[in-house]
Amino acid sequence: MDGQSRDIRKILVATGLTSESLGAVAMAIGLSERLGAELHAVHVIEPMSRREADALPEVAEKQLAIASEELEKFAASHDLVGKATLHVRRGEPEHEILGLRRELDADLLVIGRYGKGGLKRGSLGSIAHSTVRHCQVSALVVEPTFRGMFTKIAVASDLDADAHVELRRALWLGRALGVESITLMKAYELPMGYHTILTEGQARGKLEEVCKTQADELISKMRRDGDPRVEIVSVEGPATRAVPQMCQKLGVEVLVVSTHLHKSDSAGVLLGRTTERILNAVDCSVWAETTPELAQGWWTAIKGLFD
């Protein structure tokens, strides 16, 4: 098996103390119990300007005290008491969540798909979007309706040289949750000019055959005793459309993708364009997997901008 997935020893879940964050909290609790992982929960309140904080320090302290009380009440109502260390931060949510993630050296960030704006089908909330986009470890974006463990797991892969990243995590997740099988999805598109030598059916058949061969080779390298079996599904169309449609058709509950899929040319983000568009389009929870190697590559690219 190529390498190993980062062990999940410490989990950070972000909550806005709203119903939209309940799925993320439930998932974080479930995973921490299954994995024996340390659990932390953070609630971020709006920043005060430096002028306001200097002029009204008692107000700033009172706001933090109230936020701590609200988080404790939320914890008591949603099974976090005794299971998670609670944190209250003040500032921009993305900055504070990612900053605490680094301080704790958490291995997984769990966050709800939507914020206070409520359900927005086919899109991420702004906080989830920007946080996952820049997270240097794996992030799990959870639907607000989630209340139990995932049973239908799929992984989207381009089957390239780095494809072990997402499949490795999907197999790990399936094994951890006791799932018997997972689905490996590969989207393909018919190349321009295929019709000059083949019919549409012939071209599609050849591409599906190659997809299956590549997937079988990858699975044989990655799967080990105790892992769930892998069912292969190849579908015609751009991944950003075909994968979400297949997830909906199969009733997928969590889709595992890699942050490296078709990397962005910009070194300022970890999340590739294709992954980002898939994450926005699916109607299920998404595990965006990264690895130390991918994160290191991101930092190398950043450094290169200033060399």
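Note on segment 236-262: among residues that are among the charged types (D, E, K, R) and over 16 Å from the mean Cα position of the chain (by Cα), the one that is modelled with the highest pLDDT is LYS249.
Candidates are the residues of segment 224-234 that are part of a loop (DSSP other than H, G, I, E, B) and buried (at least 17 other Cβ atoms within 10 Å of the Cβ); the one that is modelled with the highest pLDDT is PRO228.
State yes or no: is VAL44 outside any loop (DSSP other than H, G, I, E, B), modelled with pLDDT under 95, outside the structural domain of VAL165 (by TED's automatic domain parsing) and in contact with a Gly (Cβ under 7 Å, 6 or more places away or on another chain)? Before you say what the answer is, go through the steps one by one.
Numbers: outside any loop (DSSP other than H, G, I, E, B): yes; modelled with pLDDT under 95: yes; outside the structural domain of VAL165 (by TED's automatic domain parsing): yes; in contact with a Gly (Cβ under 7 Å, 6 or more places away or on another chain): yes.
Yes: the conditions hold for VAL44.
Looking across segment 17-41, the residues that are closer than 16 Å to HIS78 by Cβ, outside any helix (DSSP H, G or I) and within 18 Å of the chain's Cα centre (by Cα) come down to LEU39, HIS40, ALA41.
Looking only at residues of segment 270-305 that are among the hydroxyl-bearing types (Ser, Thr, Tyr) and surrounded by 16 or more Cβ atoms within 10 Å (Cβ to Cβ), we find that the one that is modelled with the lowest pLDDT is THR291.
For segment 81-110, a residue qualifies if it is at negative phi, in a loop (DSSP other than H, G, I, E, B) and more than 22 Å from the chain's Cα centre (by Cα), and the qualifying residues are VAL81, LYS83.
From the list HIS129, HIS164, exactly one residue is modelled with pLDDT under 95 and either over 25 Å from SER234 (Cα atoms) or among the hydrophobic types (A, V, I, L, M, F, W, C) (or both). Which is it?
Values: HIS164 fails: either over 25 Å from SER234 (Cα atoms) or among the hydrophobic types (A, V, I, L, M, F, W, C) (or both).
Going through HIS129, HIS164 in turn, just one is modelled with pLDDT under 95 and either over 25 Å from SER234 (Cα atoms) or among the hydrophobic types (A, V, I, L, M, F, W, C) (or both): HIS129.
Would segment 84-91 turn up any residue that is within 26 Å of ARG6 (Cβ to Cβ) and in contact with a Ser or Thr (Cβ under 9 Å, 6 or more places away or on another chain)?
Initially, segment 84-91 is screened for residues within 26 Å of ARG6 (Cβ to Cβ), giving 84-87, 89.
Applying the additional criterion that residues be in contact with a Ser or Thr (Cβ under 9 Å, 6 or more places away or on another chain) yields 84, 86.
Yes, that holds for at least one residue.
If the condition is being within 16 Å of the chain's Cα centre (by Cα), outside any loop (DSSP other than H, G, I, E, B) and among the basic types (Lys, Arg), then segment 150-180 contributes ARG168, ARG169.
Is at least one residue of segment 189-207 in a loop (DSSP other than H, G, I, E, B), over 16 Å from GLY237 (Cβ atoms), in contact (Cβ under 8 Å) with a residue 12 or more places away in the chain and not charged (D, E, K, R)? No, every residue in segment 189-207 fails to be in a loop (DSSP other than H, G, I, E, B), over 16 Å from GLY237 (Cβ atoms), in contact (Cβ under 8 Å) with a residue 12 or more places away in the chain and not charged (D, E, K, R). Which residues, taken from segment 127-149, are over 12 Å from the mean Cα position of the chain (by Cα), crowded, with 21+ Cβ neighbours inside 10 Å and within 25 Å of VAL179 (Cβ to Cβ)? Within segment 127-149, just PHE146 meets the criteria.
For beta carbons closer than 8 Å, sequence separation of 6+ or different chains, a first residue in segment 16-27 that is in the same structural domain as GLY112 (by TED's automatic domain parsing) and a second that is in a helix (DSSP H, G or I) and modelled with pLDDT of 90 or more, the qualifying pairs are LEU17/GLU70; LEU17/LEU71; LEU17/PHE74.
The values are calculated or read from the model by the stated rules, or taken from the named source; none is laboratory data. This is a predicted model, so every value here is computed, not measured. Cβ coordinates were reconstructed from backbone atoms using ideal geometry, including for glycine residues, and neighbour counts include every protein chain displayed.
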